Structure formats: structure tokens, C-alpha cells
Amino acid sequence: EALALGEESLLKNAEVDFFDWNGTHEKYGTPLIALVVGKAAGQEVYDFATGTPEKLQERLNLMELAIKKGASPHIKPPQQFSICKSWWKTEGEKEVENSRTPLVHFNDKSAYGVVAACLEALTNVEGDWRRELRFLRDAAKILASYRSWTPSGQSISRISVAEEVVETWERILKNKDDAEVSIVCHCPRYSGQERDLQVETVLAHSMILKACSPVLKAMLSPAFKEGALAKIEVDTDPAAVRQLLALIYTGEEIDDTDPSDPTCPEVSTDVLLGALELAHQWDVGHAVAALEVAVCKRIDDGNFARLVDVAARLQLTGLTDASMTFAKSSPAVIKTFRAWGFSGAIMGLLVKALGDPDEGGSSRRKKRRRIMASSTWPSTEKAI
């Protein structure tokens, strides 16, 4: 119930390690569904459309907590869960014309499906739904960060590790005296019209590389040139190689950085993509999973096409799903889509997510309006 209400304070100091984050409930669905759908108590409705910006952020914080605790966005609610909702905008006491959404049914939908259904409902009606769409888009990114698998299908187990252990592996990474493998990075640099090929060598430990990757284990065997010379040639930015090695050695996932902290610089999207491509090439499963999560958080209008292309080429379903969810709430992507402005492969994915590009596209008025929401609950349910 605390999740449905979006009350972060109720869970902040609670013992939640033994809570069943993948349990189901006939009234709330699943923990993740409850954070989106909310609940009704008498005449009051608590959900993403009625909350203040602070309350919406609390719901997102709780969603991140749930994902970290292992809540899966793929779990569907029980058959008894039969909630449906509709929202609309008002100006003063009057309902804004054409702002009422269709009745959205949440039965038999996972948390992913719930978010997608809400996005679809809000993008096809009039009204200023920017705040709600922003919440749903952020929620979709958080859900996309869930990982219980690697590309090879192996499960990833998360455990707490003493900070001193991680620091030990960081010292091993920095220790170049015993690092016998040279990773030679060939990276083109451009200055105006001139192209210059930068070459930089990054050192690593053979034993660590062999242990993390079957590809590298084979490459570094005496039968291959890389093993005989203890040298691996890559067409990758050295910053991306260092980022990948940091993941291989320490296993730490990439968190969003604090711009105010000069000791914690932001990792660029280019570096993340370079590391992701190399991790996929070397078949380093846990690194691919961590980097895909990080890249999902970087989806925006400017890099949308590039990220979808990477997701399709590397067959990254999480990044593909997150990109399509973003597309549904992005006016810029929808406009380009309707103008047939993307490549054929991307258009094919967008047609599945958005429908026929030659249909729809009615103009939408953008005025600041007060929001009102209504919920339809099963007639047999009593207010809690």
C-alpha cells in the first residue's frame, strides 16, 4: 500500500530486504505496477497523474529501489487484478475538450505494459500532458535498467561486497608493473577536415582477461598471434577500453554522476557505446548488461537513431524496448517518423511501436491546465 500511495517516507527506514518484490496482489498488481497505477481511497486518487512533482519523484525513487531489490518489470498481475483508469484535463471547473483518455485496462499487463498503455493513452488526446509523459518516460528508463540475464542467457547474481574488496581490485587495475597484455587502441581524431589516427596502449592482466571472456581466453592462447605477442589490437577509443576494464575488474555498475563533484566526471555516451561494443565483441556478459543499462539512461532526441541502430545491430532487447518507449513520448521522434526521416530498419521498429506513419498527427494545443483524474475500480472493491 505504501508503494501505491507513493510514500517514500514509509519505506525509507523500513526493513525491506525480506519483502517479496516479485509478489502479486489482487488490488495492486505487483510492486512496480502499484507505483504507476496507484490507488483510490474514497474520492481521492493517488497516482502519477494527480501527484505533485515532489510526489512523482518519490515514485521514481521507489521504483529505482524496487529494481535494485530485484523487482521484475515482466511479471504480470493475478487474474483478480482488474483495475482500469481514465484521465482528463480541466480549466477551472470545465473539462478540456478532447482531453479525456480512453479507459485504460491494466489487467494482464506487466509493469512495462502498464507504462506503455499509459503513454499511448496520453499521446492521443488533447492537453498539456508534459509532466505526466516525463514521469512515464523516466519510469520506462528505470524499468529498462532491470537485468536478470546476460546476452548468453546466464543469470546475474547481485551481492553486497565490502568496499575494501572493490578497492583491492581497483589497485590491481592501476598496477601496471605486472600487467603483461598491451591493448593497442586505434582511434581516429578529427580536426576540421583533417583526420588523424591516435594510437594509445592500455595495459591489463592476462589472467583477468582470460577469466572474464571466452573470446579473450582463446585470443590470448599461444596458438593465436595476440597470445604469442601479448598484444590485442582494437579500433576503440582508449577511454572506452579503460571504462570496460574498470567494469571487468571491479564489477561496479555505472551510476549517474554528480556534476558538482569534480572528482567524479561524467562518462560520455560515446565512451559508453565504445565500451559496450567492445564488451559485446569480447562476450563479457556482466559488462554488456551494465553498459546497456547505462546507455538506456542516455536516450534523448539527439542520439535516438544512433542508439536504436546499436541496439538492433547488437540485438540488445532492453535498449530496443527503452528506445521504443521513449519514442512514444517524444514529439521530435514522432515528427521525424511521420516524415519518414529514419532509416528503413529504424522505421520498421517504429511502425511496430507507433503504427502507420501516414495516420494521425492532429495538432495539439499546448496550454497550461490543471489536471484532474478519475479512476474506475471494480464495483466489488471497498475503499481502503
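The values are calculated or read from the model by the stated rules, or taken from the named source; none is laboratory data. In this text, all values refer to a predicted model and were calculated from it rather than measured experimentally. Here the Cβ positions follow ideal geometry from the backbone for every residue, glycine too, while neighbour counts run over all protein chains shown. Keep in mind that these areas ignore ligands, DNA and RNA; they rest on the heavy atoms of the full protein, side chains included. Shrake-Rupley method; radii C 1.70, N 1.55, O 1.52, S 1.80 Å.
Here are the numbers for the structure shown:
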quantity: Whether region 266-364 is rounded, prolate or oblate, judged on the alpha carbon gyration tensor where a/c under 1.5 counts as rounded; calculated: prolate
quantity: Share, in percent, of DSSP beta bridges within region 176-232 that are antiparallel, nearest 5; calculated: 85 percent
quantity: Percent accessible area from carbon and sulfur atoms, region 93-132, protein chains only, probe 1.4 Å; calculated: 43 percent
quantity: Under-5 Å amide H pairs with GLU91, H placed in peptide plane, nonlocal only; calculated: VAL96
quantity: Accessible area of region 1-78 divided out per residue, in Å², using a probe of 1.4 angstrom; calculated: 49 Å²
quantity: Phi-based couplings in Hz for region 325-333 (Karplus 6.51, -1.76, 1.60; Gly and Pro marked x); calculated: 5, 4, 4, 5, 10, 10, x, 5, 5
quantity: Ordering of 117-125, 217-225 by burial proxy (mean other Cβ atoms within 10 Å per residue, highest first); calculated: 117-125, 217-225
quantity: Cα-only Debye scattering, region 1-102: base-10 log of I(q)/I(0) at q = 0.12, 0.14 Å⁻¹; calculated: -0.44, -0.59
